[in-house]
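Step one of this worksheet: look at the structure below.
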Amino acid sequence: MADQDIAHTETASLISSDKVEGTPVYNGEGERLGSISSLMVNKRSGHVEYAVLTFGGVLGLGADHYPLPWESLIYDTRLEGYVVNIDRETIKSAPHFEPAAAPDFDHAYAQSVYGHYGLTYSAL
């Protein structure tokens, strides 16, 4: 039964969203920045538009949500978390929102998020 459960949560090329949620995120120096709270998936294309990084606050209180382009995250098996080539100051100045106030992810907002991290947004 355990092998069957693995197939539903992770394969060689796929991972279930519930395994991503709560995964730590580190910068290139190995400093923990926060964790992934959710993935936002485009209803039409099925493409992950962004991962929501919970960042800031103390013991989770006062933390905000920062949309990170999915392609900016690289999984590191040694850290058992995602690594981003982004420093704390870049994240602090990034577009973000309070947990209960997610923005509309329209084309202009997507461009501002991706552009903040030096990426080009391309709607699928």
The conditions are (1) open to solvent by less than 20 Å² (accessible area, probe 1.4 Å); (2) modelled with pLDDT of 95 or more, and Ala63 fails exactly one of them. Which is it? (2)
Just checking, how many residues over region 71-122 are open to solvent by 60 Å² or more (accessible area, probe 1.4 Å) and outside any helix (DSSP H, G or I)? 19
Got at least one residue in region 43-51 being under 15 Å from the mean Cα position of the chain (by Cα) and open to solvent by 40 Å² or more (accessible area, probe 1.4 Å)? yes
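Determine whether Tyr66 is in a strand (DSSP E or B), in contact (Cβ under 8 Å) with a residue 60 or more places away in the chain and of a type outside the set (Val, Ile, Thr). Before you say what the answer is, go through the steps one by one.
On the way: in a strand (DSSP E or B): yes; in contact (Cβ under 8 Å) with a residue 60 or more places away in the chain: no; of a type outside the set (Val, Ile, Thr): yes.
It is false that Tyr66 is in a strand (DSSP E or B), in contact (Cβ under 8 Å) with a residue 60 or more places away in the chain and of a type outside the set (Val, Ile, Thr).
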Looking at Ser38 and the list (1) open to solvent by 40 Å² or more (accessible area, probe 1.4 Å); (2) under 24 Å from Lys19 (Cα atoms), which single condition is not satisfied? (1)
When Ala101 is run through (1) of a type in the set (A, V, I, L, M, F, W, C); (2) touching a residue at least 12 places away in the same chain (Cβ under 8 Å); (3) farther than 26 Å from Glu10 by Cβ, the failure sits at (2)
Give me the pairs, please: first residue somewhere in region 8-21 and free of Cβ contacts under 8 Å to residues at least 40 places away in the same chain and within 18 Å of Asp76 (Cβ to Cβ), second residue anywhere and basic (Lys, Arg) and open to solvent by less than 100 Å² (accessible area, probe 1.4 Å), beta-carbon distance under 7 Å, and either six or more positions apart or on two chains. Glu10/Lys19
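The values are calculated or read from the model by the stated rules, or taken from the named source; none is laboratory data. As the structure is a computational prediction, the values presented were derived from the model and not from experiment. Here the Cβ is made from the backbone with ideal geometry for all residues, glycine too, and neighbour counts use every protein chain on show. Side chains included, ligands, DNA and RNA excluded: accessible areas come from the protein's heavy atoms. Shrake-Rupley method; radii C 1.70, N 1.55, O 1.52, S 1.80 Å.
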